[in-house]
Structures are given as C-alpha cells and as structure tokens.
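Below is one structure, written out as structure tokens; the observations come after it.
The values are calculated or read from the model by the stated rules, or taken from the named source; none is laboratory data. This one's a predicted model, so the numbers in the text were calculated from it and none came from an experiment. As a convention, Cβ positions derive from the backbone with ideal geometry for all residues, glycine included, and neighbour counts pool all protein chains shown. Accessible surface is based on the protein model in full, side chains and every heavy atom, while ligands, DNA and RNA are left aside. Shrake-Rupley method; radii C 1.70, N 1.55, O 1.52, S 1.80 Å.
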Amino acid sequence: MPVPNGFVSYDKLKIPEQKFELACFFCDDCGLVQLTKVVNPIVMFRNYAYVSGMANVMMNNFSNLSYGIYKMLKLNKKSLVVDIGSNDGSLLAFFKNYGARVLGIDPALNLAKIAQMRGIPTECMLFNFNSARKIVKKYGRADVICATNVIAHIDNLHAVMKGVDQLLTTAGVFVTEFPYLLDLIEKNEFDTIYHEHLSYFSLKPWIKLIESYGFEIISVERLLIHGGSIRLIHGRKKLGKNTHLKTLEYLISLELRAGLYSKKTLLDFSSQIEILKLDLRKMLANLKKSKKRIIGYGAAAKGNVLTNYFGISTKILDYIVDSTPYKQGLFTPGMHIPVYGEGRLFEDKPDYALILAWNFADEIIEKQKAFRRRGGKFIIPIPKVRIV
Ligand code: TMP
C-alpha cells in the first residue's frame with residue numbers, strides 16, 4: 001500500500017510509487033494492536049496534507065476540549081499550553097483566546113508556517129524526551145499538554161511519555177484523544193488502519209503505559225469524532241491516592257465483553273471486511289451497469305486505503321471532490337483518482353457520491369442539500385454499505 005497521504009502530481013504519475021507493508025500485530029501480553037512495519041515519519045509528516053481546521057466537527061471538538069480544560073484548571077496568562085502535533089494551530093487558537101500562553105510542536109514545515117502566520121508560536125520538530133528538554137529550557141514547564149490524534153502516529157510511546165513527564169508541571173494535566181479500538185472493531189472501520197497510525201489503542205494497554213510513568217486517568221469520555229474516539233485527561237498519581245473512575249471500569253468491562261484482547265476477535269474482524277468488500281464492489285458494479293455516474297467525496301487518507309484495498313479505480317469513480325486546497329489538482333496515491341474542489345459536484349451533476357470521508361458524512365450531506373435536491377444520492381460504505 002502506498003502511504004495514504006502521498007498524493008501524486010500529474011507529471012509524476014508514470015513514476016512507480018513506493019509501497020509499504022500494511023499489516024497489524026496483536027500483543028498477547030498487553031493487548032495492544034500495532035502495525036508490523038514503521039515508515040520513516042519524515043516521509044509521512046514533513047509535508048503533511050491533513051489540515052485540522054477544515055471541518056466544523058473538528059473545530060467544535062477543539063472548542064469543547066479547550067473550554068473544559070480552561071474551566072478545570074482556571075487558566076490565566078501565566079499558564080502554558082503545549083500541543084503536540086499542533087497542525088495548523090486550530091486547537092491552540094482556542095486556548096490563546098482564553099488568555100493562556102501557547103506553544104505548538106509539529107514536524108510538518110507547511111503546517112508550522114500556517115500556524116505561525118496566524119500567531120501561534122510553533123516549534124517545527126518531532127516530540128520526544130530531548131525536544132521536551134529543549135522546550136522546558138526555552139519556555140518553562142507546561143500546565144497543559146494536549147496530544148489529539150497524534151500519539152498513535154508515534155512509534156516510541158516511551159519517548160512520548162518521558163517527554164510528557166519532563167515537560168509537565170507537578171499539578172499539570174496531560175490530555176489525549178485517539179480513535180478507540182472498540183469503535184474500530186465494532187463499526188468495521190478497517191480503513192482507519194494505515195501507515196500513519198502505528199497503534200490502535202484500547203484502555204488496558206494504554207493504562208499499563210501511563211501508569212509506568214506515574215500517571216493516572218482523571219477523566220475519560222467517549223467521543224463520536226473520527227468514527228469513535230476516546231478523550232483522556234491524566235494527572236500525576238498522588239502517593240497513596242487512587243482516583244477511582246466508574247466510567248473507566250465500565251469501559252474496560254465493555255472491552256472484555258467485545259473480546260478486544262483476543263486474537264479470534266481480530267481474525268473475525270478481518271473476515272467481516274472481506275464481506276464488506278464484496279458488498280460494496282457489487283453495489284458499485286450494478287450502478288455502473290445501469291450507466292450511473294459515481295464520484296468519491298473526501299480524499300481522506302482512509303479513503304485511499306479503502307479504494308486501494310477494495311480495488312476501486314477510475315473505472316468506477318470518475319474523480320473525488322475534497323475541500324482541502326492542497327489535495328485539489330493532485331491524484332490519489334495508488335489508484336490515481338483525480339481530486340477536484342467540492343464545487344465540481346454541483347456543476348457536473350453525477351448520480352452518486354461515495355462518501356470516503358464517512359466520519360464527516362453528516363456534515364457533508366447537510367452541506368450538499370442542492371445535490372440531493374436534484375436527485376443526487378450518497379453512498380456510505382461503513383459500517384455497512386448503505387444509500388442515503
Ligand atoms: P479525514 O477523514 O482524514 O479527517 O479527512 C477528511 C477529508 O474530507 C479531508 O480531506 C477533507 C474532506 N472534507 C471535504 O471534502 N468536505 C467536508 O465538508 C469535510 C468535512 C471534509
């Protein structure tokens with residue numbers, strides 16, 4: 001599989017793309033699911049196509065996260081909030097509005113520049129123990145460290161925890177969000193498995209990791225975002241004190257009941273995906289037979305996984321529309337499906353749009369009322385193929 005954000009320009013279409021193994025390991029001991037092969041992060045993240053600020057759902061989530069933390073810690077102008085994987089600075093902009101000092105950390109040069117231009121100080125680097133030390137020297141310790149949708153991108157989880165331990169004040173909090181393995185398995189979200197995501201977390205292995213660095217979970221919340229995520233707030237464990245969280249116990253019991261720590265569950269999941277592949281291919285082939293024109297909606301990384309794994313090429317999808325200016329005019333990795341702006345949907349009037357960015361399906365369907373009004377239909381591939 002090519003790297004899922006490796007969009008190709010027209011002049012490079014003839015050059016064979018580099019492909020990398022995409023498969024998962026399951027740890028019999030702690031239950032963590034991880035990729036078998038790690039692609040060099042610089043290949044994937046130096047020029048990163050994913051921009052946080054593009055979707056309302058994301059912005060609402062950031063707004064909600066920052067407000068909760070602001071109230072919880074009573075942040076003021078002395079407080080320092082650091083965001084790991086700060087992208088275009090969207091989350092930190094909220095904290096800045098609450099009057100806190102902010103600092104972004106991101107290895108993507110293109111995004112660090114965007115963030116700096118909007119007034120969010122950003123260090124362009126990977127996060128680990130050494131960079132944490134540099135940050136402490138230059139800016140002091142952080143009262144809040146956020147890491148949303150980034151920890152699963154990092155191979156050395158111990159380096160992250162050492163960095164967090166180094167950078168966080170004694171009373172500070174470490175907030176993280178990541179897609180939840182329970183949702184992935186229950187909702188057939190196989191296409192969220194790609195090279196950028198090295199770990200697929202459930203709570204059991206996560207707790208093992210953070211406890212070994214003296215942290216504990218002080219709040220846990222399930223979120224709808226990205227097909228189902230989890231938001232965890234951590235603090236340093238106080239000697240002799242153990243925060244008892246009923247929600248945490250409940251979620252672990254759900255994980256057990258779903259068989260998340262068993263190899264059989266994961267093998268069954270894999271069979272489910274083969275069924276999904278047959279269902280979707282059959283539906284698309286029937287539509288093509290009846291001369292319907294189909295396009296893709298959202299050139300998401302997960303969409304590139306789905307089209308490659310299911311073999312959905314330009315014979316089926318004429319093109320994909322996407323709101324990200326950077327992706328427009330390029331071709332998707334592997335399948336080489338051309339990407340255009342969203343406006344093309346209305347001008348061109350295809351019959352069906354396959355929503356590849358299914359995590360934003362509601363937002364997209366709401367936005368494209370005009371397309372639906374004149375008979376256009378949406379296909380949502382996951383958890384089960386359906387037409388809207
Ligand atoms: P993601 O699933 O990896 O977050 O990517 C979502 C993709 O969908 C991203 O490339 C932007 C695109 N998108 C649209 O084209 N229109 C929209 O209204 C939304 C919300 C996303």
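Observations, loosely collected:
- Cα convex hull of the chain, projected area averaged across orientations, nm²: 19.5
- Relative contact order %, the range 1-137, counting alpha carbon pairs below 8 Å whose residues are six or more apart: 17
- On full extension, the segment bounded by Arg373 and Arg386 gains 2.8 nm, given 0.36 nm per residue less the C-alpha separation.
- Expressed to the nearest 5 percent, the antiparallel share of DSSP beta bridges inside the chain is 45 percent.
- Taking amide H as placed 1.01 Å from N in the peptide plane, the amide H of Ala300 sits under 5 Å from that of Ala357, each at least 5 places away or on another chain.
- Note, ³J(HN,Hα) from phi for the range 169-179, Karplus 6.51, -1.76, 1.60, rounded to Hz, x at Gly and Pro: 5, 4, 9, x, 10, 10, 10, 9, 10, 8, x
- Size of charge dipole - the range 1-98 - debye, nearest 20, with Cβ of Lys, Arg +1 and Asp, Glu -1, no other charges: 540
- Taking label points 7 Å from Cα along the Cα-to-Cβ direction, Ser212 and Met72 give a separation of 2.4 nm.
- Of all accessible heavy-atom area on the chain, the percent that carbon and sulfur account for (1.4 Å): 55
- Label separation (Arg118 vs Leu245): 2.9 nm, computed from points 7 Å beyond Cα along the C-beta direction.
- Cut-off 16 Å, label 7 Å out along Cα→Cβ of Lys37, residues of the range 333-367 by amide N: 334
- For Thr324, the amide hydrogen comes within under 5 Å of no other amide hydrogen, counting only partners 5 or more places away or on other chains and with H modelled in the peptide plane.
- Relative contact order (%) - criterion: Cα under 8 Å, at least six apart; region: the chain: 16
- Efficiency of FRET from Cβ geometry, Asp29 and Lys289, R₀ 45 Å, rounded to 0.05: 0.35
- Largest-first ellipsoid semi-axes for the range 1-147, taking √(5λ) over the Cα gyration tensor eigenvalues, angstrom: 31, 20, 16
- Only beta bridges with both residues in the range 268-375 are counted; by DSSP, about 10 percent of them are antiparallel.
- Unit charges on C-beta of K, R, D, E only; dipole of the chain, Debye: 640
- With R₀ fixed at 41 Å, the C-beta to C-beta distance from Ala171 to Tyr326 puts the FRET efficiency at about 0.55.
- Of the residues Ile210, Ile135, Ser66, the one whose Cα sits farthest toward the positive end of the charge dipole of the chain, with +1 on the Cβ of Lys and Arg and -1 on the Cβ of Asp and Glu, is Ser66.
- In this simple spin-label approximation, Lys12 and Asp351 carry label points 7 Å from Cα along the Cα→Cβ vector, and these lie 3.6 nm apart.
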